[in-house]
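Asks: The structure that follows is given in the form of structure tokens.
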Amino acid sequence: MADELALHGGPKSVQDDVGDLFTWPIITEEDEQAVLDVLRRRAMSGMDITQQFEQEFAEWHGMEYGLGFSSGTASLQSAMWACGVGVGDEIIAPSLTYWATALPALSLQATIVFADVKSETMNIDPEDIEHRITERTKAIVPVHYCGYPADMDPIMEIAEKHNLKVIEDVSHAHGGLYKGRLVGTLGHVGCMSVMSGKSLAVGEAGLMITDDRQIWERCIAWGHYGRTRATQWTGEIDKPYITDPELTPYVGLPWGGYKYRMHQMSSAVGRVQLKYYRERMDEIQKAMNYFWDLLEDVPGVRAHRPPKSENSTMGGWYAAHGLYVAEELGGLPLSKFAEAVRAEGSTCSPGANFALHLHPLLNTADIYRHGKPTRIANSDRDLRQPEGSLPVTESMQERCYSIPWFKHYRPEIIEQYALAYRKAADNADKLMEA
């Protein structure tokens, strides 16, 4: 009876009270006091705390410049413009991602060319990038999807060969390592959301980091009008934000007509969260790796994490997923497998983000009243990508599933969650019969 599936009347695998195992972010009195200080000073729309957070965040990554935003989407759009993306230009991005990775290009009157992903990483496939580059291509936007670091070395080689900018979307992978190097520091600019649901969670906000002062200044000019006449807080002296002669004649107004500053209560929380993020992230990594170690010998179930030999890590392991091999379980549909796991008391939902290239917005919507679909309004050819054009991306809805996102290393409870997956795999034949 102990091995019988809960779906068929057996006991659930997850029996213990999980307590705060999944509670995130961890908010303490220090976070609360930091926010209260901003409120009591009536400094919610100021810049002093945000400037400090930006500097600390950049230093945490070993980068020269940081900039806070109202959202990760705003940071990505600003970075695209700062990297020269404009009317008729193209960016290359994965279709398997949250929409904010790519859709800001449309507001710049540019368009998106989607590349396929690798099935074992769910990240953009470097081998599917180069043949998509044209004279209109301005940037590549790799995503460290669900925390898994994208294969940045070949991407950077391609970018250098074709004189393209690389904008890293780090929204899923704060603190992750690619071959020992922090993600977000490998391209020309790193952008990320740090909203409350992310692994580095500070509120509704975004950040960018770069070593390129021109990109940083252009991001300021695009949506931070209040800073274009201001000076940068450095801890020692103040320096003008805007020095680029192309930008200086226009200080005082935002080039993009946007207001993108980060709210200082989010900045205050961010400063506290960043202090403890590395140790909290390390505990998450210990817990998540333990979960996958317990399942290494289970058929049909594959860990979505880098090989241990690569010195790459998943950071805070945001949006944790696993990979499914139905053939090893007699062709059992993922939906039935996931149903059995959920009945055991664990998280397991099939699929990930939908394939952007198949969504009507990318194919038929006339957003800006051009009289034709926005995707091709400023293009010299039809860039739309129909069903079947990105086969790996399109297959991932049946090949991946969500897993529990543990925030603490509590092996006894983690073992119960792992048992839920093992039981479902061990009983695949019975699930097929049902």
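Asks: Stick to the Cα atoms of the stretch 29-272, pair each with every other, and give me the Kirkwood hydrodynamic radius in Å at one decimal.
Replies: That comes to 18.0 Å for the stretch 29-272.
Asks: Enumerate by residue number the chymotrypsin sites (Phe, Trp or Tyr not before Pro) in the stretch 1-65 meeting two conditions: DSSP loop (anything except H, G, I, E, B), and at most 14 other Cβ atoms within 10 Å of the site's Cβ.
Replies: Within the stretch 1-65, the qualifying chymotrypsin sites (Phe, Trp or Tyr not before Pro) (loop, at most 14 other Cβ atoms within 10 Å) are PHE22.
Asks: Among GLY180, ILE242, GLY62, whose Cα projects farthest towards the positive end of the dipole of the stretch 29-272, with charges put on the beta-carbon of Lys, Arg (+1) and Asp, Glu (-1)?
Replies: ILE242
Asks: Looking at the stretch 80-141, which GluC sites (Glu not before Pro) are DSSP coil and have at most 16 other C-beta atoms within 10 Å of their C-beta?
Replies: Hits after loop and neighbour filter: GLU120, GLU135.
Asks: For the pair GLU327/ILE367, report the inter-label distance in nm, with labels modelled 7 Å from Cα in the Cβ direction.
Replies: 3.9
Asks: Take the alpha carbon gyration tensor of the chain, find the square roots of its eigenvalues, order them as a ≥ b ≥ c, and report rounded if a/c is under 1.5; if not, report prolate when a/b exceeds b/c, else oblate.
Replies: The shape class here is oblate.
Asks: If you don't mind, there's one more thing I want to ask. I want to verify a result. In a Gaussian network model of the chain, Cα cutoff 10 Å, which of these has the top mean-square fluctuation: LYS165, LYS275, LYS423?
Replies: LYS275
Asks: Does the stretch 1-90 come out rounded, prolate or oblate by the C-alpha gyration tensor, with a ≥ b ≥ c the root eigenvalues, rounded set by a/c under 1.5 and, if not, prolate when a/b is larger than b/c and oblate if not?
Replies: Cα axes put the stretch 1-90 in the oblate bin.
Asks: Separate question: List the trypsin sites (Lys or Arg not before Pro) within the stretch 331-383 that DSSP assigns to loop and that have no more than 14 neighbouring Cβ atoms inside 10 Å.
Replies: Qualifying residues, ordered by number: ARG369, ARG381.
A short reminder: the numbers here are calculations on the coordinates, not readings from a lab. Everything numeric here is computed off the predicted structure, so don't read it as measured data. All Cβ positions, even for glycine, are placed from backbone atoms using ideal geometry, and neighbour counts span all protein chains on display.
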